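Here the structure comes first, spelled out in structure tokens, and everything after it is commentary.
Only the coordinates and a few stated rules stand behind these numbers; no lab work does. This one's a predicted model, so the numbers in the text were calculated from it and none came from an experiment. Note: ideal-geometry Cβ built from the backbone for every residue, glycine included; neighbour counts use all protein chains shown.
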Amino acid sequence: MNKIVAKRLVLTVFFLSVLQSVSLFASRRGDVVDEWLTVLVPDTLTGDTLSIRMRRLESGTFVMGATPEQRSDEDAIDRPSHYVSLSSFYIAETEVTQRLWHAVTGSYAGPEGMLNPSAPVTWVSWYEAVRFCDSISSRTGYRFCLPTEAQWEYAARGGDKARETRFAGNNRAEDVGWVYSNSGNKTHEVAQKLPNEIGLYDMTGNVSEWCSDWIGPYRLGERPDPAGPETDSLGQPLGLNDYWSHEKVVRGGSWDNTAHNAHLSSRGHHAPDYISSDCGLRLAMHDPFPPRFSEDESSMPASKTIRVGKRKQRMILVNGEEPFYIAEDALTNADWVAVFGKHNEENLVSDKNMVRGVSRSRQEELCDRISRNADSKVFRMGERTLTLAVATEDDIRLAETVGVKLHTPKKAADADRQGSTYSRKRKHSKKMSVLAELIGVKVEVPEDKVLETLVEDKRNTSPIYLILK
């Protein structure tokens, strides 16, 4: 009997150890519990770990648009109602908060961020929302995206548990969301109102939410996984007149909308560079999670070489959910001159120092020029084409995390020079103020100008690494 008890005890300890190992592994990548996936997001600024709860929706078919309970206007753009079939996907329990945005990007998107970190992030364009999805994907290993308009509406209606309500889980907007009648003209912390049928908060009101689609007229007939109007090779919508062209979908209404303009089928649209105090985003994920490349990572070459002027840049493979290649060396002033034929205006110093003070548009032009002169083979990965870009802070952090050694020329000296540049600008401003006062004119340097200089110099200290992804 004692031997039997001992064997049972050993087996019990063994299975518990296995379960603990599985739990520890899952805690690094997220736990799937019933219909929910919890994704952990490290905040490298504070050392904390944030979590995002993602609701899985099974594939299904629903009627999208102006169904009878929506009571849409006769000329509303949510007509005609039509059948849509969707594959399974995930969508976030809440809108992206100011705190999550700060944890991923290192900055607040608007003036409200520091005042209420649990409120939804605002003042973000569609372009910034897409970049945020890329950044948090690199940080977590999951491939986040904006939901399509059809995914958003299916989730807002409650998926296969929908009760045909006008708003997200209720026929009274004020019970489930913050709209013009109860918001006090401001955003509120997420998840303070009742959730809808599947546990999603603020699908009605608080902030309107960017979707991935271009706005366009609905089409009759059942369509599988619609993603808006067809686009050309540059991602621009095709076959639309001036009324519909070049605007992205927003859904859900906001604190600044009446309830009538925040019902479930109501459609909004803005230019992709539009920013506002009542527009934010909610994360989505495809199911299953597709890798960036279809090839086995083991079949991907460990490095590639790209020519920058006369110098060859070695690009190292960074493995992960979305593998990419990153250059070992930061770009120098000599590289810049080789590409453009002259120094960048911020870089009238040694050719061996790293490039600094480069705007986003100039970074894009740099990558375009290098790509045009590079061997086309470097951009091929099986049937896919890689794109040359400038690494984000998340790309650099991920590369260093997996052991890639990045080289930054004269980093310390450059940082010191940046500090002295900022000091000289402030001293110069102070001298001008003193001189003006001596001749009877009082001059003050506006605080926003000092802040602008500080932000600019912070940007200038960042090294530029090229990536292929």
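From the cross-link list 161/248; 248/304; 248/342; 304/342, which pairs have alpha carbons spaced over 30 Å apart? 248/304; 248/342, as the Cα separations exceed 30 Å there.
For region 34-286, a crude dipole built from +1 on the beta carbon of Lys and Arg and -1 on the beta carbon of Asp and Glu, taken about the Cα centre, is about 360 debye to the nearest 20. Counting neighbouring Cβ atoms within 10 Å and putting the fewest first, the residues 126, 210 line up as 126, 210. Counting every other Cβ atom within 10 Å of each residue's Cβ, 83, 180, 325, 274 order from fewest to most as 83, 274, 180, 325.
Here the residues 142, 127, ranked from fewest to most Cβ neighbours within 10 Å of their Cβ, fall in the order 127, 142.
Cβ under 10 Å from residue 85's Cβ, residue 85 left aside: what net charge do those residues give with Lys, Arg +1 and Asp, Glu -1?
Overall, the nearby charge balance is -1.
For region 34-286, just say rounded, prolate or oblate: build the C-alpha gyration tensor, square-root its eigenvalues into a ≥ b ≥ c, call rounded for a/c under 1.5, and beyond that prolate if a/b exceeds b/c, oblate if not. Rounded.
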